[in-house]
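Encoded as structure tokens, the structure appears first; notes follow it.
The values are calculated or read from the model by the stated rules, or taken from the named source; none is laboratory data. Computed from a predicted structure; not experimentally measured. Cβ: placed from backbone, ideal geometry, glycine included. Neighbour counts: every protein chain shown. Each accessible area value is taken on the protein alone, full model and side chains, heavy atoms only, with ligands, DNA and RNA left out. Shrake-Rupley method; radii C 1.70, N 1.55, O 1.52, S 1.80 Å.
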Amino acid sequence: MIVVGRCRSQVVFLLPLQLERSAGISALTFLGHQNGNQNTGLWHADFYRGATADEMKSHLSAVCKQVGADLLKLENVPETWLGRDHPLVFKGATSSPSPVFARALPSDFGQLFNDTHSKSSRKNLLRKERHLQAAGNYTIAKATSPVDRQRGFDAFLEQRSVRTREAGIPNVFSAPPAKTFLSSVVGLDATGSAQDHGAHPLDLWYLETGDRIRATYLCAQHGKTLYAYSNSVAHDDMLPNSPGLVLIKEIIERACGDPTIDTLDLGLGEERYKTTWAEPVPLKDSLLAMTWKGALRMRLEAARLKAKTHVRNSSILWPLIRRLRKMKAGFSGNS
């Protein structure tokens, strides 16, 4: 259900939505929200600056009635975006289980490094960087040639597969449709072959040393924001030297020196390196019931999201769940 808003024949917003049906209840949600990060919609800049939550609530209520939705469920919408409150965050919206992590980038990387890392952590990370360099043929680069994009893409898939298997979590990149989509947005064709023409939305960064790619990062620049979406690290002899941390440090350092970038967004989910470099930006879930069935589903969804948020923010429960996942993965690997 692709919702297109027009004003005086000009398109002013576009919301990629889908209608999900479960247990006889229809919910209008963001398209692909299961694999999404944060959901913002696409907006004409002038319209976005003046759009209100009440206005968008009215528009989307009419859409729900048109398509027969019992419930409108807009998850992981940034509370503030592009300098203002987001118009898809309705009154009474609840907190999403996880924030995204972002920060304004200064031009002086050295000052940022000092402000975000203690003296001991800076020394430790630089020491690991030297160890990686000592392995020979050390390179950190954005893949530009077809060959490098292919090598980086293959390394990303392999490293993510190992990581998710050992952590006991689902690998969203394992299904053929996901691989096909991902290959297209990093500049490969449907067969996985590198193409040397046309623009591609995602840049693939990689750290290579000792003749092997040890870490990758998928990034995209939109406006003046650098979005770092997903990464991977090789679980090999170089893992103790934290190639993933060295890679993101270099990406951030280059972004600080780029006048076209002023903001870093490290995406959804709390990881130690994200909390080091950036600050949490709250996301919100807007739920709007259109029928009595939608009201029932809304109460269930609100309870589910509240419980999930409690678990994710618990210093006891969330580490326990992660340990149990690893134990389960270990049992599966031995069976």
Of the residues in the range 122-158, how many are touching a residue at least 24 places away in the same chain (Cβ under 8 Å) and either over 15 Å from Ala234 (Cβ atoms) or part of a loop (DSSP other than H, G, I, E, B) (or both)? 16
Out of (1) modelled with pLDDT of 95 or more; (2) crowded, with 18+ Cβ neighbours inside 10 Å; (3) farther than 20 Å from Cys256 by Cβ, what's the single condition that is false for Arg130? (2)
Of all residues in the range 22-45, count the ones that are at negative phi and either aromatic (Phe, Trp, Tyr) or in contact with a strand residue (DSSP E or B) (Cβ under 8 Å, 6 or more places away or on another chain) (or both). 16
Cβ-Cβ distance below 9 Å, separation of 6 or more or different chains: which pairs start in the range 159-178 with a residue that is closer than 18 Å to Gly244 by Cα and end on one that is β-branched (Val, Ile, Thr) and assigned to a loop (DSSP other than H, G, I, E, B)? Arg160/Val172; Arg163/Ile169; Thr164/Val172
How do the pairs read when you match residues in the range 26-40 that are of a type in the set (Phe, Trp, Tyr) with residues anywhere that are open to solvent by less than 10 Å² (accessible area, probe 1.4 Å), using Cβ under 7 Å and keeping only pairs 6 or more apart or on different chains? Phe30/Leu17; Phe30/Leu74
Quick check on my filter: what residues within the range 133-163 are surrounded by fewer than 16 Cβ atoms within 10 Å (Cβ to Cβ) and of a type in the set (Gly, Ala, Ser)? Ala134, Gly136, Ala141, Ser145, Ser161
So if I check each of Ser58, Ser22, Ser95, which one is at pLDDT 95 or above, of a type in the set (Gly, Ala, Ser) and surrounded by fewer than 18 Cβ atoms within 10 Å (Cβ to Cβ)? Ser58
Looking at the range 61-89 only, could you name the residues that are farther than 27 Å from Ile252 by Cα and surrounded by 20 or more Cβ atoms within 10 Å (Cβ to Cβ)? Cys64, Ala69, Asp70, Leu71, Leu72, Lys73, Leu74, Glu75, Pro87, Leu88, Val89
Note down all Cβ pairs under 8 Å where the first residue falls in the range 257-272 and is on the phi > 0 side of the Ramachandran plot, the second is in a loop (DSSP other than H, G, I, E, B) and open to solvent by less than 70 Å² (accessible area, probe 1.4 Å), and they're at least six residues apart or on different chains. Gly267/Asn37; Gly267/Gln38; Gly269/Ser98
Name the residue that is least open to solvent (accessible area, probe 1.4 Å), counting only residues in the range 288-312 that are under 24 Å from Gly68 (Cβ atoms) and in contact with a Leu (Cβ under 7 Å, 6 or more places away or on another chain). Gly294
On the given criteria, is Asp211 in contact with a Cys (Cβ under 9 Å, 6 or more places away or on another chain) and open to solvent by 20 Å² or more (accessible area, probe 1.4 Å)? no
Here is a check on your reading of the model: is Pro259 surrounded by fewer than 19 Cβ atoms within 10 Å (Cβ to Cβ), under 14 Å from the mean Cα position of the chain (by Cα), at pLDDT 90 or above and not in a helix (DSSP H, G or I)? no
Failed condition for Leu112, given (1) at pLDDT below 95; (2) hydrophobic (A, V, I, L, M, F, W, C); (3) part of a helix (DSSP H, G or I): (1)
What about Arg297, is it under 16 Å from the mean Cα position of the chain (by Cα) and not aromatic (Phe, Trp, Tyr)? no
Strands (runs of 3 or more DSSP E) wholly in the range 8-95 with at least 1 residues that are touching a Ser or Thr at 6+ places or on another chain (Cβ under 8 Å) and either hydrophobic (A, V, I, L, M, F, W, C) or under 19 Å from Lys293 (Cα atoms) (or both) - which ones? 10-22, 71-78
